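Participant: The following block contains the structure, expressed as structure tokens.
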Amino acid sequence: MRYDKKIIVMILDMYAKGMSLRGISHHLKIFYDIRVSHVGILYWVQRYGILIKEYTKTLKPKLSEKFYADESALMFNNRNNWL
């Protein structure tokens, strides 16, 4: 993980928004002159996806009497993970 954490977060964000791995790789090459294969990006998504999942389990929201919730499903590790 020799790249800046901002780049890695940007990659995870693009992947979560539905961009393909090859599309992300191409974007990095064109705009940032960073050459990362689509397999390398997949490795980052898998590795950091697990870390993010574990971190979100520790969060406890502060809620008032009323709140509204929305849910999203992200596919990683070959299954839907609900946020």
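The values are calculated or read from the model by the stated rules, or taken from the named source; none is laboratory data. Keep in mind that what you see is a predicted model, and the values were worked out from it rather than measured. Positions of Cβ are backbone-derived with ideal geometry, glycine not excepted, and every protein chain shown enters the neighbour counts. When the accessible area is computed, the model is the full protein with side chains, heavy atoms only, and any ligands, DNA or RNA have been set aside. Shrake-Rupley method; radii C 1.70, N 1.55, O 1.52, S 1.80 Å.
Participant: Take every Cα pair under 8 Å in the chain that's 6+ residues apart, average their separations, divide by the length, and report that relative contact order as a whole percent. Could the numbers behind the result be given before it?
Facilitator: Details: 44 pairs, mean separation 15.8, N = 83.
Relative contact order comes out at 19 percent.
Participant: Additional query: Of LYS6/LYS57; LYS5/LYS29; LYS5/LYS53, which ones are farther than 20 Å apart at the Cα?
Facilitator: With Cα atoms farther than 20 Å apart: LYS6/LYS57.
Participant: Give the long-range amide H neighbours of ILE34: residues separated by 5 or more places, or on another chain, with amide H under 5 Å away, using H modelled in the peptide plane at 1.01 Å from N.
Facilitator: LYS29
Participant: Around PHE76, which amide H atoms from residues at least 5 apart in sequence, or from another chain, sit under 5 Å from its own amide H, with H modelled in the peptide plane?
Facilitator: Those qualifying (amide H under 5 Å, at least 5 residues apart or on another chain) are ASN81.
Participant: Bin width 5 Å, alpha-carbon pairs only: give the P(r) of the chain as whole percents, running from 0 to the bin holding the largest distance.
Facilitator: Going from the shortest bin to the longest, the percentages are 3, 12, 22, 23, 14, 12, 7, 4, 2, 1.
Participant: If you don't mind, there's one more thing I want to ask. Using the crude model of +1 on Lys and Arg Cβ and -1 on Asp and Glu Cβ, and no other charge, please compute the dipole size for the chain relative to its Cα centre, in debye to 20.
Facilitator: 220 debye
Participant: Accessible area per residue of the chain at 1.4 Å probe, in Å²?
Facilitator: Accessible area per residue, the chain: 85 Å².
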